[in-house]
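First the structure, in the form of structure tokens, and then the observations on it.
The values are calculated or read from the model by the stated rules, or taken from the named source; none is laboratory data. Fair warning: this is a prediction, and the values are worked out from it, not measured in the lab. Here Cβ is always computed from backbone atoms with ideal geometry, including for glycine, and neighbour counts include all displayed protein chains. The accessibility values were calculated without ligands, DNA or RNA, using every heavy atom of the protein model including side chains. Shrake-Rupley method; radii C 1.70, N 1.55, O 1.52, S 1.80 Å.
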Amino acid sequence: MHPAQLPLLGSPTPLQSIETSKLGVGSESRLWIKRDDLTGTALSGNKLRKMAYVLSDAKACKADVLITCGDLQSNHCRATAILARQLGFEVHLVLHGRKPQVSQGNLMLEHLAGAAISYCNWRDYRALRDSGFAELVSHYARENKKAYVIPTGASNEIGLWGYVSAYTEILGQCEEKGFKPDLLVCATGSGGTHAGLVVGGALAEQGVPVLGIAVCDNEAYFRQRYSEDVTAFNQRYGYEVQGSSSNFLINDTFIGEGYGKASPDVWQVICRLAQAEGIFLDPVYTGKAFSGLLKLLEEGAISAKNIVFIHTGGLFGLLAQSEQYARYVNLRAQASS
Ligand SMILES: Cc1ncc(COP(=O)(O)O)c(C=O)c1O
């Protein structure tokens, strides 16, 4: 059963060929970027695909208020805040972190969209999230409002459909361009993009391996997570997708100093792609994943001939790290003087 979705995405996003030599990488592989950073403007990125399904469910449930959570610069929370305004929901975001004096990037857009925001430390955030935001749900129930809770990154069995559908779109575009991809690569944060692509391959019965480059948790976590998401997907939609798959590849060696912290190498790759192609990666997700991919190519650790990297967005997270970028520029200047 294919669930209903809201028409949030217009036409397919472009699939763009990239010359690896322009990025200073000598490789036999051909590289393509699936431009899901172009799913929209303020609403750009991978979240739009997942939310097309999740918010269709929220509408069917006759929800009044959307509750979701994430980091201070969560792209998912920004997308939820904006979509709520477009679709007539109220929105309450629970963010992990201290309220900053100045709101930047995603947080600024959430403020502009008038989202209700609760800031909490990690312990409280986890407790609230693990309770399914029970207190907040009751709070809105007392106001006769029905709350609809969306998990981090909209990565549940409903949101998975976003990249199940994207898989078909990508394979169709590759066919039009006359090649079959041997490897898809994406950044893996809450796991839904990666899992959706692998499930998409399983349903299409022509699975292409999907390499998720982890930006936070480790391989064991993401394998477990995939298995749980697939179980929930099978139960809800009546499929029999396997909870482990040889097409589910995960690399957790590019996390560096931690979630949201980009090394000089990552910044260098962000600069290189911007200068070679005018494509902007972000330091939290796509920059780490793309620089990981380039390293694997340089080391000869990937033998795939045609690789499609899914650019999942994150521009506002990049803009929120202008100070970190300035530090990188200073470091580079010191090193070359
Ligand atoms: C820009 C961007 N890329 C990639 C990801 C990772 O996607 P997922 O959460 O589906 O693993 C996220 C969100 O977590 C994101 O905001």
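Some observations on this one:
- Residue check for SER21: loosely packed, with under 15 Cβ neighbours inside 10 Å, at negative phi and modelled with pLDDT under 95: yes
- Condition check for SER44: within 30 Å of PHE179 (Cβ to Cβ) and within 16 Å of the ligand (Cβ to nearest atom): yes
- Some residue of the range 1-13 being at pLDDT 95 or above, farther than 30 Å from GLU240 by Cα and touching a strand residue (DSSP E or B) at 6+ places or on another chain (Cβ under 9 Å): no
- Qualifying residue in the range 52-68 (condition: charged (D, E, K, R) and more than 26 Å from VAL199 (Cα to Cα)): yes
- Residues of the range 193-218 satisfying the condition of being more than 14 Å from the ligand (Cβ to nearest atom) and open to solvent by less than 70 Å² (accessible area, probe 1.4 Å): GLY201, ALA202, LEU203, ALA204, GLY207, VAL208, PRO209
- Residue satisfying condition, being modelled with pLDDT of 95 or more and out of contact with any Phe, Trp or Tyr (no Cβ under 7 Å at 6 or more places or on another chain), within set ALA81, ALA42, ALA58, ALA63: ALA81
- A search for C-beta distances below 7 Å between a residue of the range 230-255 that is in contact (Cβ under 8 Å) with a residue 60 or more places away in the chain and more than 22 Å from ILE213 (Cα to Cα) and any residue that is small (Gly, Ala, Ser) and surrounded by 14 or more Cβ atoms within 10 Å (Cβ to Cβ), counting only pairs 6+ apart in sequence or on different chains, returns nothing.
- Comparison of SER103, SER44, SER56 shows that the only residue that is surrounded by fewer than 24 Cβ atoms within 10 Å (Cβ to Cβ) and free of Cβ contacts under 8 Å to residues at least 12 places away in the same chain is SER103.
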